[in-house]
């Protein structure tokens, strides 16, 4: 497999290898891909959790388990009580 990098990314890879943290460019790319995979998984889990919380909120709304705050004063009072 061949990949093309921008000059800035090539420089970054070179700097990482020269720092001694990595033995070669392939190690840098593998680590970057591992981190991207980890980032994607974290994002997926966050979205899953957000969807779960939204579903709970929608269920509460349908069931009437809500607090109506009408206007800025009501909102200020609500947060003052927290």
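The values are calculated or read from the model by the stated rules, or taken from the named source; none is laboratory data. This is a predicted model, so every value here is computed, not measured. Cβ coordinates were reconstructed from backbone atoms using ideal geometry, including for glycine residues, and neighbour counts include every protein chain displayed.
Residue 23 fulfils the conditions (1) over 23 Å from residue 1 (Cβ atoms); (2) part of a loop (DSSP other than H, G, I, E, B); (3) modelled with pLDDT of 95 or more except for a single criterion, (1).
Rundown of residues vs (1) in contact (Cβ under 8 Å) with a residue 60 or more places away in the chain; (2) surrounded by 10 or more Cβ atoms within 10 Å (Cβ to Cβ); (3) over 30 Å from residue 1 (Cβ atoms); (4) touching a helix residue (DSSP H, G or I) at 6+ places or on another chain (Cβ under 6 Å), yes/no style:
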residue: 43; (1), (2), (3), (4): no, yes, no, no
residue: 59; (1), (2), (3), (4): no, yes, yes, no
residue: 66; (1), (2), (3), (4): no, yes, yes, no
residue: 74; (1), (2), (3), (4): no, yes, yes, no
residue: 78; (1), (2), (3), (4): no, yes, yes, no
residue: 81; (1), (2), (3), (4): no, no, yes, no
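Contact map, segment 4-27: residues that are at positive phi and surrounded by 11 or more Cβ atoms within 10 Å (Cβ to Cβ) paired with residues that are in a helix (DSSP H, G or I) and at pLDDT 95 or above, Cβ distance under 6 Å, separation 6+ or inter-chain. No pairs are found.
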